[in-house]
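The values are calculated or read from the model by the stated rules, or taken from the named source; none is laboratory data. This one's a predicted model, so the numbers in the text were calculated from it and none came from an experiment. When we count neighbours, we look across all protein chains shown, and the Cβ atoms used for this are built from the backbone with ideal geometry, even at glycine. Just so you know, the surface numbers come from the protein's heavy atoms only, side chains and all, with ligands and any DNA or RNA stripped out. Shrake-Rupley method; radii C 1.70, N 1.55, O 1.52, S 1.80 Å.
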Amino acid sequence: MNEELEILTEFLKTGRLQVADSGEAAQQLITVGNSQPPADIDPQELAAWTSVCRLVLNLAETNTRN
């Protein structure tokens with residue numbers, strides 16, 4: 001489990017660096033869908049965590065395959 005946590009932590013750090021330079025990219029990522037992002041959360045932090053969640057939700061271990 002520690003190895004997976006390290007990988008996700010590094011992915012989060014990378015995501016933070018990627019959106020740090022472009023607030024517009026962060027806004028584009030977090031405004032996809034029907035609901036508005038919370039106003040009290042930093043858009044760049046939310047974008048980085050959104051990327052982590054997308055990674056986890058797309059893992060074969062997360063998805064049920066028939």
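Look at the dipole of the chain built from charges on Cβ: of ASN2, THR50, GLY15, the Cα furthest out on the positive end belongs to THR50. Accessible surface calculations at 1.4 Å, restricted to protein heavy atoms, place region 4-66 at 79 Å² per residue. Each residue of region 35-45 is assigned a 3J(HN,Hα), and the resulting list reads 9, 7, x, x, 6, 8, 10, 4, x, 6, 5 Hz, derived from the Karplus form 6.51 cos²θ - 1.76 cosθ + 1.60 (θ = phi - 60°), x at Gly and Pro.
The HN-Hα couplings worked out from phi for region 28-33 by the Karplus form 6.51 cos²θ - 1.76 cosθ + 1.60 (θ = phi - 60°) are 4, 5, 7, 9, 6, x Hz, whole numbers, x standing for Gly and Pro.
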